[in-house]
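Below is one structure, written out as structure tokens; the observations come after it.
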Amino acid sequence: MILTGNTMGMSRASVNMSKTRPGVLYAAVGIHPHFVDKQWNDKTHTALQSLAEMNEVVAIGEVGLDFHRNYSSQEKQITAFEKQVLMK
């Protein structure tokens, strides 16, 4: 089972929870496009990259673009998406 992070807090939680059941639970880490205006910065990128390198992390997600609701600016969504898909 893959536990999906969509914020920094949820990404950390998915990794921590996956450590409790090795070989059963795995983690996906990332910042959802709705949250990039509030959460995406260089520090976040570095922290996500560190999480992505852990054995428990098998995917980057939940990431993408959402130009329908636009909870975050399109420019910041694109930047965060590009940097996240290049991880690991």
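What follows draws every value from the coordinates through simple rules; no lab data is involved. Owing to the predicted nature of the structure, the values given are computational and were not obtained by experimental measurement. Backbone-built Cβ (ideal geometry, glycine too); neighbour counts: all protein chains shown.
Quick notes on this one:
- Scope the stretch 9-37; condition touching a residue at least 12 places away in the same chain (Cβ under 8 Å) and of a type in the set (D, E, K, R); matching residues: 12, 19, 37
- The residues in the stretch 4-30 that are more than 16 Å from residue 43 (Cα to Cα) and of a type in the set (D, E, K, R) can be counted, and the count is 2.
- Test: residue in the stretch 48-61 that is under 19 Å from residue 25 (Cβ atoms), of a type outside the set (Ser, Thr, Tyr), out of contact with any helix residue (DSSP H, G or I) (no Cβ under 8 Å at 6 or more places or on another chain) and free of Cβ contacts under 8 Å to residues at least 24 places away in the same chain: yes
- Condition check for residue 2: surrounded by 13 or more Cβ atoms within 10 Å (Cβ to Cβ) and under 10 Å from the mean Cα position of the chain (by Cα): no
- Residue that is nearest to the chain's Cα centre (by Cα) [pool: residues in the stretch 66-88 that are in contact (Cβ under 8 Å) with a residue 12 or more places away in the chain and exposed (fewer than 14 other Cβ atoms within 10 Å of the Cβ)]: 85
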